[in-house]
Amino acid sequence: MPDVPNFQPQCASCGLPPVVQWRRRSADDPTHTVTVLACAAHGITRDLAAHVHAATCTAPDPAHLPACGCTVEPIDPEPAFPAAAPVALPSGW
């Protein structure tokens, strides 16, 4: 988001306050993503918002909502953390 005093994020379609955001590949540099914000009327589904979208994604075009018209990237699996060793608590806990 821009580092501007009193900056208020807005829906990409109509300028209302956003209720959902998702990431889209940059058309200029496909290794980077840009944030897309949308209000309730122009938002995609929560499940779709969890994915990174193609640079050519049509959302938030109302003609395609609540879908988006692109093939989304798969979600990266959660990293596996080693199990923590049990800790003995002092008496009184």
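Mind checking the dipole of the chain: about its Cα centre, +1 per Lys or Arg Cβ, -1 per Asp or Glu Cβ, Debye to the nearest 20?
It comes to approximately 180 debye.
Quickly work out the Phe81-to-Asp47 label distance, labels modelled 7 Å from Cα along the C-beta direction, and quote it in nm with one decimal.
2.8
Within 10 Å of each residue's Cβ, count the other Cβ atoms and sort Cys68, Cys14 from fewest upward.
Placing the least packed residue first, the sequence is Cys14, Cys68.
Give the value in nm², to one decimal: projected area of the alpha carbon convex hull of the chain, averaged over all directions.
That works out to 11.0 nm².
None of the figures in this text is laboratory data; all of them are computed from the coordinates on show. Everything numeric here is computed off the predicted structure, so don't read it as measured data. Don't worry about glycine lacking a Cβ; one is built from the backbone with ideal geometry, like all the others, and counts go over all protein chains shown.
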